[in-house]
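These notes concern the structure reproduced below.
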Amino acid sequence: MTHFNPLGHVSLGVRDYAVSRAFYTAVLAPLGLRLVYDSGPVSDPSTGNVRTLGYGPDKDHELLNIFEHQNAAPPGPGFHLAFNAPTRQAVIDFHAKAIELGGTDNGAPGVREHYGRNYFAAFVVDPDGWKLEAVCKVPPEQEVIPVSQT
């Protein structure tokens, strides 16, 4: 039986297209998500045509959209966006890339036992203030390292 995922995608508004393109392209790569759509350099907010980026495992499964808006702002306390990671190393790489590209540490990589004994996560805040998490819930002995990391 195939699992149906009811969530189509999530959209975030950002202020700087170039900064966000570099940030998300690098930060999401360890999680198996890549840039699958880029509307290009043309933007005209007065017509609703804003620069857009799309990330997913492939072009048919876009999970995250980034829209450039000069007055974009993340929601307040209580919101964050969590991404599943295939390995603990992917969580570590996500965190390191985020810090390297202008993100802020909001919780170093490690086990969060209050969520579960195999809840290995890291938390960052992107350059626009969006709170992000990468989490691997797979026990270390069951992690499968993707071919691209070997």
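Here, each number is a calculation from the coordinates, and none is a lab measurement. Worth saying up front: this structure is predicted, and the values here are computed from it rather than measured. For neighbour counting, all protein chains shown are included, and Cβ atoms are generated from backbone atoms with ideal geometry for every residue, glycine included.
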Seminar exercise, completed: For residue 125, the net charge from surrounding residues (Cβ-Cβ under 11 Å; K, R +1; D, E -1) works out to -3
Exercise. Given H placed on each backbone N at 1.01 Å, which residues far from residue 52 in sequence or on other chains put an amide H within less than 5 Å of it?
Worked result: 39, 40
Exercise. If you rank 114, 9, 95 by fewest surrounding Cβ atoms within 10 Å, what's the result?
Worked result: 114, 9, 95
Problem set entry | Relative contact order for the range 55-150, counting Cα pairs under 8 Å that sit 6 or more residues apart, in percent | 29
Seminar exercise, completed: In this structure, the FRET efficiency calculated for residue 141 and residue 82 from their beta-carbon separation, with R0 = 25 Å, to the nearest 0.05, is 0.60
Problem set entry | In degrees, nearest ten, helix 88-100 long axis to first principal axis of the chain (Cα) | 40
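Which of 66, 99, 92 comes first, and how do the rest follow, when ranked by fewest Cβ neighbours within 10 Å?
Details: 66 27, 99 15, 92 19.
Fewest-to-most Cβ neighbours within 10 Å comes out as 99, 92, 66.
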For this session: Report the antiparallel proportion of the DSSP beta bridges in the range 10-143 as a percent, rounded to a multiple of 5.
Result: 70
Exercise. Given DSSP loops and a limit of at most 11 other Cβ atoms within 10 Å, what is the longest stretch of the chain that contains no such chymotrypsin sites (Phe, Trp or Tyr not before Pro)?
Worked result: 5-78
For this session: Calculate how steeply helix 17-28 sits against the longest principal axis of the alpha-carbon atoms of the chain, using the helix alpha-carbon long axis, and give the answer as 0 to 90 degrees to the nearest 10.
Result: 20
Seminar exercise, completed: Semi-axes a, b, c in Å (a largest) for the chain, each sqrt of 5 times a Cα gyration tensor eigenvalue, come to 27, 18, 14
Exercise. In whole Hz, what ³J(HN,Hα) sequence does the range 110-124 give by Karplus (6.51, -1.76, 1.60; θ = phi - 60°), x for Gly and Pro?
Worked result: x, 6, 10, 4, 5, 9, x, 5, 10, 8, 9, 9, 9, 10, 9
